[in-house]
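Colleague: I have a structure here, written as structure tokens, and I will follow up with some questions on it.
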Amino acid sequence: MKKKFKLKLSVWQFLALGYLAVIILGSLLLVLPFAAKDGQPTRYIDALFTATSATCVTGLATLDTGAHWSLFGQIVILLLIQTGGLGFMTFVSTVFLMIKKNVGQYQRKAFIVAGGGGKNSGIKTLIKRIFIGTAIFEFAGAFILCFRFVPDFGWGNGIYFSIWHSVSAFCNAGFDLMGAVGGSSLSAYVTDPLVVLTLCTLIFVGGLGFLVWEDIIDTRCNPAKFQLNTKVVLFVSAIIILLSTSLFLAFEWNNPVYEGFNFGEKLLASIFNATTPRTAGFYTTNPADLSESGQILTVLLMFIGGNSGSTAGGIKVGTLAVILTGMFAVFRGKRDINVGNKRIDHSLVSQALAIFAACLMLIMVAALAICAIEPELPAMSALFESVSALTTAGLSLNVTGNLSIASKIILILLMYAGRVGILTLALALGAKRSAADIRKPMDTLMIG
């Protein structure tokens with residue numbers, strides 16, 4: 001009697017393959033002749049790059065979104081952005097809820113992993129909150145943007161542009177349509193508080209994470225009742241934005257990119273420069289025109305990114321907080337790692353350091369490879385592109401479209417790894433091994 005072959009995927013493999021399937025489907029749709037305007041030919045590598053960038057909510061583009069893609073192509077990209085932003089598992093869990101009453105333990109665990117951890121109950125409630133919260137913020141953002149885009153582009157294009165950029169900002173994707181009207185990202189609105197502050201708010205809220213939303217709702221916005229994760233994320237995020245805004249203001253004060261701006265306009269430009277590297281990908285001042293110190297600061301902000309379980313990328317705010325807390329504990333000779341009146345398990349520090357080291361290693365290897373493939377490309381540009389891809393930030397020094405196929409493939413792999421998650425991808429690729437009964441003798445190494 002023949003045995004039936006049954007392929008059992010781990011939760012992490014299911015997530016990794018799910019994003020891969022969405023990317024492949026999107027690339028096949030974008031390579032269709034009518035996906036581009038006026039029958040412009042689209043190479044598959046560019047369709048694959050765009051599909052990956054959209055699904056991984058990155059924003060890097062080899063082709064101008066507004067100028068190259070037709071309405072069909074733009075809608076495909078927008079759907080990929082929304083799918084990638086809300087998360088593959090959100091849609092999978094929704095389908096399960098639609099076709100049967102209960103979500104199984106496997107799907108429940110996968111959803112929790114995709115969401116960055118959290119409660120092992122209330123999946124239905126969380127999914128409803130994700131969709132309702134997303135709809136509210138994206139609709140509110142689009143409504144506000146209409147007050148600027150409708151007068152500028154007319155009713156049809158104005159409403160379309162407002163919806164597109166609201167979704168792209170909330171999902172931290174950074175794709176824009178301004179190329180269709182001869183613009184360069186959002187540079188035409190650098191001194192417009194309505195556009196800048198609306199997009200900054202959408203980027204920040206999208207980068208907080210769904211589980212942070214849930215905690216804020218459950219505690220009725222009472223900070224005293226927030227979970228430790230929520231308190232840390234809000235505090236560290238606020239510090240990062242305030243500090244980086246001040247630094248951008250200082251670094252670019254006399255830069256020609258701020259020429260002719262009064263203090264308020266410089267402050268507005270600096271706020272956007274500090275917010276968009278949370279992995280949004282928009283810009284009001286071209287990163288290529290920033291000072292070298294401004295570009296380095298942008299790289300650091302992209303590397304940090306947003307919060308776990310959100311639409312943002314990077315090593316995440318929580319990872320940074322755990323590493324810094326652990327570092328100070330070691331320097332002060334403390335045995336325990338304390339945050340407020342709570343103690344953090346040492347295994348969490350090990351995971352945070354592993355993520356940090358893996359991201360840093362991937363970026364350096366990728367930047368080195370791109371420099372070898374593109375000998376005329378400045379090292380800063382290769383590093384900037386590599387960080388932007390892995391952290392799904394989407395900012396560029398205007399070199400993405402000129403890269404060779406090999407370099408584009410490297411960036412595609414980085415974007416995929418960044419969205420799926422380094423830890424998730426490592427667990428998906430790793431083989432299951434039982435713990436050894438016999439452990440090796442302990443020894444020591446010199447460090448520091």
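Colleague: Tell me the Rg and the Dmax, in Å, that the Cα atoms of segment 351-420 produce.
Modeller: Cα-based Rg and Dmax for segment 351-420 come out at 11.5, 37 Å.
Colleague: Still on this model: At 1.4 Å probe size, what's the solvent-accessible area of residue 350? Round to the nearest 10 Å².
Modeller: For residue 350, the solvent-accessible surface is approximately 70 Å².
Colleague: Additional query: When the C-alpha atoms of segment 257-318 are aligned to their principal axes, what extent does each axis show, in angstrom, from largest down?
Modeller: 40, 22, 16
Colleague: Hey, can you rank 364-371, 315-322 by average C-beta count inside 10 Å, highest first?
Modeller: Going by the mean number of other Cβ atoms within 10 Å, highest first, we get 315-322, 364-371.
Colleague: Continuing with the same structure: Highest first, please rank the peptides 151-164, 199-212, 216-229 by the mean number of other Cβ atoms sitting within 10 Å of their residues.
Modeller: My ranking of the peptides, most packed first, is 199-212, 151-164, 216-229.
Colleague: Kirkwood hydrodynamic radius, computed over distinct alpha-carbon pairs, for segment 165-288: how many Å, to one decimal?
Modeller: It is 15.5 Å.
Colleague: Over the C-alpha atoms of segment 300-416, what are the Rg and the largest Cα-to-Cα span, Dmax, in Å?
Modeller: 16.8, 53
Colleague: Separate question: Please compute the net charge surrounding residue 189, taking Lys and Arg as +1 and Asp and Glu as -1 over other residues with Cβ under 11 Å from its Cβ.
Modeller: -2
Colleague: Quick one: accessible surface of residue 373, probe radius 1.4 Å, all protein chains present, in square angstrom to the nearest 10.
Modeller: Residue 373 has an accessible surface of roughly 70 Å² with all protein chains in place.
Colleague: Which of the peptides 166-173, 295-302, 337-344 is most tightly packed, and how do the rest follow, going by the mean number of other Cβ atoms within 10 Å of each residue?
Modeller: Ranked by mean Cβ neighbours within 10 Å, highest first: 166-173, 295-302, 337-344.
Colleague: Net charge near residue 68, counting Lys/Arg +1 and Asp/Glu -1 over other residues with Cβ under 10 Å of its Cβ?
Modeller: -2
The values are calculated or read from the model by the stated rules, or taken from the named source; none is laboratory data. Computed from a predicted structure; not experimentally measured. Reconstructed Cβ throughout: ideal geometry from the backbone, glycine too, with neighbour counts over all protein chains shown. Accessible surface is based on the protein model in full, side chains and every heavy atom, while ligands, DNA and RNA are left aside. Shrake-Rupley method; radii C 1.70, N 1.55, O 1.52, S 1.80 Å.
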